[in-house]
1. Considering only residues that are crowded, with 17+ Cβ neighbours inside 10 Å and either in a helix (DSSP H, G or I) or in contact with a Pro (Cβ under 7 Å, 6 or more places away or on another chain) (or both), which ones fall in region 170-180?
2. Cβ-Cβ distance below 9 Å, separation of 6 or more or different chains: which pairs start in region 211-224 with a residue that is within 15 Å of residue 156 (Cβ to Cβ) and end on one that is part of a helix (DSSP H, G or I)?
3. Would you say residue 56 is under 19 Å from residue 184 (Cβ atoms), surrounded by 14 or more Cβ atoms within 10 Å (Cβ to Cβ), outside the structural domain of residue 225 (by TED's automatic domain parsing) and among the β-branched types (Val, Ile, Thr)?
4. Does region 225-257 hold any residues that are farther than 17 Å from residue 279 by Cβ and within 18 Å of the chain's Cα centre (by Cα), and which are they?
5. Can you tell me which residues in region 21-33 are surrounded by 15 or more Cβ atoms within 10 Å (Cβ to Cβ) and either touching a His at 6+ places or on another chain (Cβ under 9 Å) or assigned to a helix (DSSP H, G or I) (or both)?
6. What pairs come up if the first residue lies in region 121-133 and is small (Gly, Ala, Ser), the second is part of a helix (DSSP H, G or I), and their beta carbons are under 6 Å apart, counting only those six or more places apart or on different chains?
7. Kindly evaluate residue 152 against the criterion of being in the same structural domain as residue 254 (by TED's automatic domain parsing), modelled with pLDDT under 95 and either surrounded by 15 or more Cβ atoms within 10 Å (Cβ to Cβ) or closer than 19 Å to residue 272 by Cβ (or both).
8. When you scan region 128-139, do you find a residue that is in contact with a Phe, Trp or Tyr (Cβ under 8 Å, 6 or more places away or on another chain) and at pLDDT below 95, even just one?
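The values are calculated or read from the model by the stated rules, or taken from the named source; none is laboratory data. Since the model is a prediction, treat every value here as computed from it, not as a measurement. Please note: Cβ atoms are built from the backbone with ideal geometry, for glycine as well, and neighbour counts cover all protein chains shown.
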Amino acid sequence: MEQELVYRGRRVTQEEIAFIRELILTNQKMSRQSISREVCRAWGWRQPNGILKDIVCRGLLLKLHRDGHITLPAPKSRPKNTFNRKPKGPVEVDRTLIEFPLDEIGPIELHRVRRTPLERIHDGLIAQYHYLGYTQPVGEHLKYIALANGRPLACLVWSSAPYHIGCRDRFIGWSKEIRKKNLSLIVNNTRFLILPWVRVRYLASHLLGLASRIVPQDWQDFYKHPIVFFETFVDTERFKGTCYKAANWIHLGQTTGRGKNDKTHKPNRSLKAVFGYPLSKDFREVLCHG
């Protein structure tokens, strides 16, 4: 019986692996990037805005190469943006204590910082002060810094949603086929950091409220498709999810603690509470039918 290969929720057949082998064999001067893009075109592997899923495909090709299913040509150069990109060092910001009531802190602005000079500061602060550190997001994502009077208060990251979360999928009520089609309409709040010298009551839930109004439009502008649902994970060994509850997010259940690459069907990490936030009243109709 043939072993089933799955990468990021997509089943890879033996016929598709044979196609990649033939593509490499008949185009021996092609670079890894060119092979990836050709595979994307052949499979119709595109983001909702039409852009080829080149980075994801390169990850698949590298996995197939490492597992011995294909042999890729030697890399011609080292790409500048890799999955392991890390901030270059500590960032210098004013760490004076901010301890005011929310209505006295001044206008709070949530700035999209991806591909702007502020992105370096955002990534550095996440690396220094978030308990999970900084990991370069893969796939669609946007980054934000909350500022008041020019000073950073918080950092947030929104990324592509995980392929399968049992309690979320039951809450939505969609089928496996529809989930595959419409998953891009959900984004996950993968990082949320209130800086340690910022002690402003209700700030976290206030920022989540701002995000619910700003991120959907930014996502539409940046990726040319809508989003209708937020989700996040809360490590219950560290936090209670109080700010999400205060911002009217819904507790959907908890993860299984097995991770996306589980092969043992046994918990191997801490359980996470799953929270969701509908961005429109007809979110189920949109997610289940498109």
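1. Listed by number, the residues that qualify are 171, 172, 179.
2. Note: no pairs meet the criteria.
3. yes
4. 233, 234, 235, 255 - these are the residues of region 225-257 that are farther than 17 Å from residue 279 by Cβ and within 18 Å of the chain's Cα centre (by Cα).
5. Step one: of region 21-33, the residues surrounded by 15 or more Cβ atoms within 10 Å (Cβ to Cβ) are 23-24, 30-33.
Answer for region 21-33, where residues must be surrounded by 15 or more Cβ atoms within 10 Å (Cβ to Cβ) and either touching a His at 6+ places or on another chain (Cβ under 9 Å) or assigned to a helix (DSSP H, G or I) (or both): 23, 24, 32, 33.
6. 133/127
7. On the way: in the same structural domain as residue 254 (by TED's automatic domain parsing): yes; modelled with pLDDT under 95: no; either surrounded by 15 or more Cβ atoms within 10 Å (Cβ to Cβ) or closer than 19 Å to residue 272 by Cβ (or both): yes.
No.
8. Yes; the residues of region 128-139 include at least one that is in contact with a Phe, Trp or Tyr (Cβ under 8 Å, 6 or more places away or on another chain) and at pLDDT below 95.
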